[in-house]
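This report concerns only the one structure given below.
What follows draws every value from the coordinates through simple rules; no lab data is involved. What you see is a predicted model; the values in this text were computed from it and never measured. So basically every Cβ, Gly included, is an ideal-geometry build from the backbone, and we count neighbours across all protein chains shown.
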Amino acid sequence: MIEFYTDNAQRFIDGTLVTVRLALLSFALSVVIGVVIASCRVSPVGPLQRFASGYVSLFRNLPLLIIFFLALFGLGDLGFVYGGFATAAVALGMYTGAYMAEVIRSGINSVSSGQAEAGRAIGLGFIALLSTIVIPQAVRTVIAPIGNLFIANFKNTAVALTITVTDLTFVSRQLINQTAETWLSLFGAAAIYTVILLFVGWGFRALEARYAIKR
Amino acid sequence: MADALVTMTGINKWYGELHALKDVNLNVHEGEVVVVIGPSGSGKSTLIRTINRLEPIQEGEILIDGERLPEEGKGLAKLRAEVGMVFQSFNLFAHKTILENVTLGPVKVLKMDKGEAEQRARDLLERVGVGHQADKYPAELSGGQQQRVAIARALAMDPKIMLFDEPTSALDPEMINEVLQVMLDLAEGGTTMVVVTHEMGFARSAADRVVFMDKGEIVEENDPESFYHNADTERARDFLSKIITH
Ligand SMILES: Nc1ncnc2c1ncn2[C@@H]1O[C@H](COP(=O)(O)OP(=O)(O)OP(=O)(O)O)[C@@H](O)[C@H]1O
Ligand SMILES: [Mg+2]
């Protein structure tokens with residue numbers, strides 16, 4: 001049993017690195033999308049509000065796998081050809097971004113109106129107000145749900161194997177086919193996901209304890 | 001007399017059906033201290049919030065130093081920077097330190113050099129008596145200290161006029177005086193101020209003029225001594241008899 005893991009250690013490590021890179025990249029993209037879409041949603045500009053809520057409805061109501069295929073074939077037909085990895089990062093980032101926008105918006109709503117008012121009173125414009133006063137406070141109140149999104153996004157990277165990304169789940173499936181060690185292959189991947197995400201959960205709790213705003 | 005710093009002419013404002021400001025005219029001259037009083041819901045907050053357009057108006061004209069209040073946008077932000085505002089509930093930025101609260105406006109809006117902004121902020125915090133709290137967060141300060149920081153934050157923009165909306169009414173009684181003292185010092189130093197407050201002591205020692213509002217109208221403008229002893233209007237006398245019972 002130990003031999004199975006020592007023999008295949010490098011493949012597990014490679015798969016894990018792909019998964020981690022994909023998770024980080026798509027999460028970073030989802031944060032950017034989430035901030036932009038949430039800002040549009042609370043902006044006083046009607047078309048921006050409608051664009052933002054349209055985005056959220058669209059990406060929340062499509063299965064992730066469909067978004068992956070759309071990204072792969074849709075963009076391909078339009079003449080944009082990216083590798084599986086880049087396509088997966090973009091598709092996943094856009095998907096998680098919709099949820100991120102909702103989480104950030106709820107955070108924005110939790111910031112008291114007096115904070116924005118004080119910012120306007122010293123002459124901050126809409127963008128400066130959001131970026132220096134409202135969003136930094138909003139994010140602090142939603143560290144826990146952002147942590148949940150990070151974890152969900154991390155696990156969702158597994159879907160990328162369907163578009164030929166050689167992530168951790170891909171590696172474990174490949175090992176099943178090549179070695180017939182179904183349980184050991186699955187257990188290896190499962191253990192790696194679990195250990196990483198336990199640490200991530202712990203990290204987010206620490207962040208929350210550190211940055212939650214005292215009122 | 002020279003042109004007024006703030007000129008409000010024919011102001012009408014509605015919240016939906018509610019006529020919150022009715023044909024209000026008010027001038028505030030440089031160096032003047034105007035105290036606004038009146039019953040709850042009479043439109044005092046609405047009035048001073050229209051001065052920096054935190055509340056838009058539907059009719060009338062507001063000039064600040066001869067300039068018409070711009071609509072939303074860059075011009076409005078610039079003009080707001082010239083009008084300092086202090087709120088009843090302090091509204092210090094909760095995620096920023098005391099020092100950052102005071103430097104934020106000068107750095108982000110006035111594009112002042114950070115070092116210079118900090119130096120000025122420390123001087124201002126010293127002046128309002130909270131110099132040693134500079135690195136704390138708002139929640140770690142008492143209400144009176146937070147309100148003094150809020151005053152320093154507004155002053156840091158070097159405003160032409162300071163607006164105060166019941167700055168002491170959210171405070172425990174023992175903290176009211178420390179805030180009023182800062183305001184008295186400002187008044188003495190020649191700062192132009194419009195203050196919504198029921199603190200009669202402040203009005204009598206600092207105000208040049210008392211404006212009494214009721215039901216969205218300015219009912220009476222008077223000097224403080226006459227106003228408190230012998231108001232011209234029945235509505236003001238009636239209001240005063242109710243608040244001066246304790
Ligand atoms: N944002 C708002 N939307 C609707 N109505 C409002 C709003 N703000 C104030 N009002 C109404 O306008 C009227 C004037 O309110 P305002 O807050 O100016 O009174 P005030 O004199 O400051 O009272 P207080 O002494 O209680 O602070 C009140 O009837 C109030 O209910
Ligand atoms: Mg009020």
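Taking Cβ atoms as reference points and 14 Å as the exclusive limit, the residues near A:Ala52 contribute a net charge of +3, counting Lys and Arg as +1 and Asp and Glu as -1. Note on the range A:39-181: dipole from Cβ charges, positive end direction compared against A:Ala116, A:Ser57, A:Gly79; the farthest Cα belongs to A:Ala116. Global size of the range A:119-206: 20.3, 68 Å for Rg and Dmax (C-alpha atoms, Rg to one decimal, Dmax whole). Quick one: plug the Kirkwood hydrodynamic radius of the range A:2-211 (C-alpha pairs) into Stokes-Einstein at 25 °C, 0.890 mPa s, and report D in µm²/s. In µm²/s, the coefficient is 130.
The C-alpha atoms of chain B define a longest principal axis, and helix B:234-243 lies at about 50 degrees to it.
Sorted fewest first by neighbouring Cβ atoms within 10 angstrom, A:Leu78, B:Leu186, B:Leu18, A:Leu197 come out as A:Leu78, B:Leu18, A:Leu197, B:Leu186. Averaging 1/r over every pair of different alpha carbons in chain B and inverting the result gives a Kirkwood radius of 18.6 Å. Each residue in B:Tyr228, A:Tyr95 was given a count of other beta-carbon atoms within 10 angstrom of its own, and listing them fewest first yields B:Tyr228, A:Tyr95. For the range A:18-32, putting each phi into the Karplus relation 6.51 cos²θ - 1.76 cosθ + 1.60 with θ = phi - 60° gives couplings of 4, 4, 5, 4, 5, 5, 5, 5, 5, 5, 4, 4, 5, 5, 4 Hz, in residue order, rounded to whole numbers and with x for Gly and Pro. Largest GNM mean-square fluctuation among B:Glu17, B:Glu30, B:Glu100, using chain B with Cα springs under 10 Å: B:Glu17. If you take all other residues with their beta carbon under 15 Å from the beta carbon of A:Ala38, and give Lys and Arg +1 and Asp and Glu -1, the sum is +4. Converting phi to 3J(HN,Hα) with the Karplus coefficients 6.51, -1.76 and 1.60 and the offset θ = phi - 60°, the range A:159-174 yields 5, 5, 4, 5, 10, 6, 7, 8, 7, 4, 5, 4, 4, 5, 5, 5 Hz in sequence order, with x at every glycine or proline.
Helical runs assigned H by DSSP (4 residues or longer) give the protein assembly as shown a calculated mean residue ellipticity at 222 nm of -18000 deg cm²/dmol, each run adding -39500 (n - 2.57) before division by the residue total.
Neighbours of A:Ala144 by Cβ distance under 15 Å: Lys/Arg scored +1, Asp/Glu scored -1, total +1. The mean sequence distance of close C-alpha pairs (under 8 Å, at least 6 residues apart), as a share of the length of chain B, puts its relative contact order at 26 percent. Phi-derived couplings, Karplus 6.51 cos²θ - 1.76 cosθ + 1.60 at θ = phi - 60°, listed residue by residue for the range B:222-230: 8, 7, x, 4, 4, 4, 6, 8, 7 Hz, with x used for Gly and Pro.
Once you have a ≥ b ≥ c as the square roots of the Cα gyration tensor eigenvalues for the range B:1-47, tell me rounded if a/c is under 1.5, and otherwise prolate or oblate according to whether a/b is larger than b/c. It comes out oblate by the Cα gyration axes. Note on the protein assembly as shown: percent of Cα-Cα distances in each 10 Å bin, starting at 0 and stopping at the bin with the largest distance, equals 4, 17, 22, 19, 14, 10, 8, 4, 2, 0, 0. Taking the fewest neighbouring Cβ atoms within 10 Å as the starting point, the ordered list for B:Met200, B:Met8 is B:Met200, B:Met8.
Each Cα pair under 8 Å and six or more residues apart adds its separation to the average, and for chain A the resulting relative contact order is 29 percent.
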